[in-house]
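The values are calculated or read from the model by the stated rules, or taken from the named source; none is laboratory data. Keep in mind that this is a model prediction, so the values were computed, not measured. Note that we place each Cβ from the backbone using ideal geometry, even for glycine, and neighbour counts take in every protein chain shown. Ligands, DNA and RNA are stripped out before the accessible areas are found, and what is left, the full protein with its side chains, is counted by its heavy atoms. Shrake-Rupley method; radii C 1.70, N 1.55, O 1.52, S 1.80 Å.
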Amino acid sequence: MASSTPAPSTSGHPATDRPTRIESHGIDHIPDEERHGRPSELFSIWAAANVNYLSLVVGGALVLMGLGLAQAIAVIVVGNLFWLLTGVLAVSGPAAGAPSEVITRTMYGVRGNRVNNAVTGWVISVCYFALNLAAAAGAAFTLVEKTGLTVSTGVKVVVVLLIAGITLTIGVYGHALIVRLYLPITIALTAAFGVVAYTVLLHADFGYVPDGPLTGTGLWATLLAGVTLIAAGPLSYTTSADFSRYLPATASPKAVVGWTALGGFLPSVAVCSLGALAATVVDMTDPQAALESMLPGWFSPVFLLALVLGTIANNAMTAYSAGLALQAVGIRIRRSRSVLVDGTVAVALTLYALLVSNFLDTVSNVLQLTVVLLGPAMTVYAVDILLRRNAYDGRALMDESPASPFWYTAGVNPAGAAAVLVGGVLAALCVDTAYTGPVAHALGGIDLALPVGMSVSGLLYALLMRGRITR
């Protein structure tokens, strides 16, 4: 009788997770014999995804909002400290041998988790995919123009489809290809952005202070809005266990947290800071054009290619997780096909988004509004890990029947649902972005959505789950 254990490849990868073949696993449990890799691999995965154009845009936006350079850098550092939470969530992957989209059944119940994955998993991921794809397309259009071609509507469609095609190919092949590609991508992007950094540092005004410095309530409102804008990046990755679940169950939790958090924190701080520094000497309302005006002519095409490559790396991870989220919603579809569904929707949204006149405002509003849901969702996840001491039974998590230990009440865990809904509603009352909530209005525009939503949801979940923990 033949052994059921998958044969390992010469690279040490099991047959189910090789870079040259489409990943066979979706949201199912990864058996111990198929686990492999080291926590240090997580650094390049997260670094490649965060050396990108969007970080430049956000960094420049902080100065455009009226902050001085020192204030903007402080906001960038504080906002990116939320990568520590992304790292904390990643430790559940090796413990459970399952992706985040399944682990969250412990928080919301089997049925309730389908709603969670539909909203905070699939919808938000696809929106981010479209937003990033629009940014990459803008850089690619400029690159095409440099060849002398006219960027007609047809050319734009072809460019968007080409970028999406490369992105989705990585997402379809899955985990092993992401691990294999993202180290060289990190090195290439670091080299390219190193040239950008050198140029920006030569021109930047390190003593920059706006003509009319913000004070009092206006300053605090802007500082908090800036932290929220920056924090939206790490908070959008409530699915970090997706990329750690193949690690052995014995992998050091501290190493998983550390390499994940550093992989997001270091490049995000560096690239956002470059955007802020550039904004001290050029108008970052159009970041791509502004930065190109500072760079040597020979380097401009390389810079544009780097912007596209960084976005592809970011979006491939987003598409991968969105595909898992679509499966976790309950749709019976192969993971490889679910990624293609995500891509089709995102491409349609991108082609529409390219008609939006002010891309910067769109980015700001979208990023800040998502924390209303993502902040509470990430906090509940982190609290659950702490309450259970990261002890998850991956096989029990696969049970979707009423006999499941995570069926709770009619398939819904009232504690998780209440914590996220209450935290989200209170956060929405504190928002001052696309609209001004009553709390923000009473405080003169100070946006407390992030601290209120996260603290309330975390505390409420801990209280409601006390004595009810089932691993």
Q) Given the C-alpha centroids of the range 288-338 and the range 154-221, what is the distance between them in whole angstrom? A) 10
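Could you sort 55, 455 by accessible area so the largest value comes first, with the probe set to 1.4 Å?
Working: 55 15, 455 70 Å².
If we order 55, 455 from most to least accessible, we get 455, 55.
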Q | Mean projected area (nm²) of the alpha-carbon convex hull when the range 82-141 is viewed from all directions | A | 5.4
Q. Hey, can you rank 426-437, 309-320 by average C-beta count inside 10 Å, highest first?
A. 309-320, 426-437
Q: Kindly provide the pair-distance distribution of the range 136-286 built from C-alpha pairs, with 10 Å bins from 0 and whole-percent values in order of increasing distance.
A: 8, 23, 33, 24, 11, 1
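Which value, in Å to one decimal place, does the Kirkwood hydrodynamic radius take for the range 208-261 when every pair of different Cα atoms is included? Walk me through the numbers before you get to the answer.
On the way: mean 1/r = 0.0690 Å⁻¹.
Over the range 208-261, the inverse of the mean reciprocal pair distance is 14.5 Å.
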Q: For the range 26-33, take each phi angle, set θ = phi - 60°, evaluate the Karplus expression 6.51 cos²θ - 1.76 cosθ + 1.60, and give the result in whole Hz per residue in order, putting x for glycine and proline.
A: x, 8, 6, 6, 8, x, 4, 5
Q: Starting from 0 in steps of 20 Å, tell me what percent of the Cα-Cα pairs of the chain lands in each bin.
A: 25, 57, 17, 0
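Percent of accessible area on the chain owned by carbon and sulfur, 1.4 Å probe? Can you show the working numbers first?
Numbers: 12130 of 18160 Å².
Carbon and sulfur atoms account for 67 percent of the accessible area of the chain.
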(Q) I'd like to verify something in the chain: which complete DSSP H helices, judged by Cα projection on the helix axis, reach 18 Å or more and average at least -1.0 on the Kyte-Doolittle scale? (A) 124-146, 153-173, 175-203, 216-235, 253-278, 300-328, 335-353, 359-388, 414-429, 449-465
Q) Which residues in the range 232-255 have a backbone N closer than 15 Å to a point placed 7 Å from the Cα of residue 40 along the Cα-to-Cβ line? A) 252, 255
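When ligands, DNA and RNA are left out and all protein chains stay put, how many square angstrom of accessible area per residue does the range 92-224 have with a 1.4 Å probe?
On the way: 5350 Å² over 133 residues.
For the range 92-224, the solvent-accessible area averages 40 Å² per residue.
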(Q) How large is the accessible surface of residue 385 in square angstrom, using a 1.4 angstrom probe and rounding to the nearest 10? (A) 10
Q: Amide H neighbours of residue 36 under 5 Å, at least 5 residues apart or on other chains, H built in the peptide plane: list them.
A: 247
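Hey, what's the Cα Rg ratio for the range 56-164 versus the globular rule of thumb, 2.2 N^0.38 Å?
On the way: Rg = 19.9 Å, N = 109, 2.2 N^0.38 = 13.1 Å.
Relative to the 2.2 N^0.38 Å estimate, the range 56-164 comes out at 1.52.
Hey, if we sort 198, 53 by accessible area with the 1.4 Å probe, largest down, what's the order?
On the way: 198 145, 53 15 Å².
Sorted by accessible area, descending: 198, 53.
Taking the Cβ-Cβ separation of residue 398 and residue 294 as r and a Förster radius of 60 Å, what is the calculated FRET efficiency to the nearest 0.05?
Details: r = 53 Å, r/R0 = 0.88.
So the FRET efficiency works out to roughly 0.70.
Before rounding to the nearest 500, sum -39500 (n - 2.57) across all DSSP H runs of length at least 4 in the chain and divide by the residue total; then give [θ] at 222 nm in deg cm²/dmol.
On the way: 21 runs with 309 residues, N = 471.
The helix-only estimate for the chain comes to -21500 deg cm²/dmol at 222 nm.
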Q. What full-extension length gain, to one decimal in nm, is calculated for residue 162 and residue 183 as 0.36 nm per residue of separation minus the Cα-Cα distance?
A. 5.3 nm
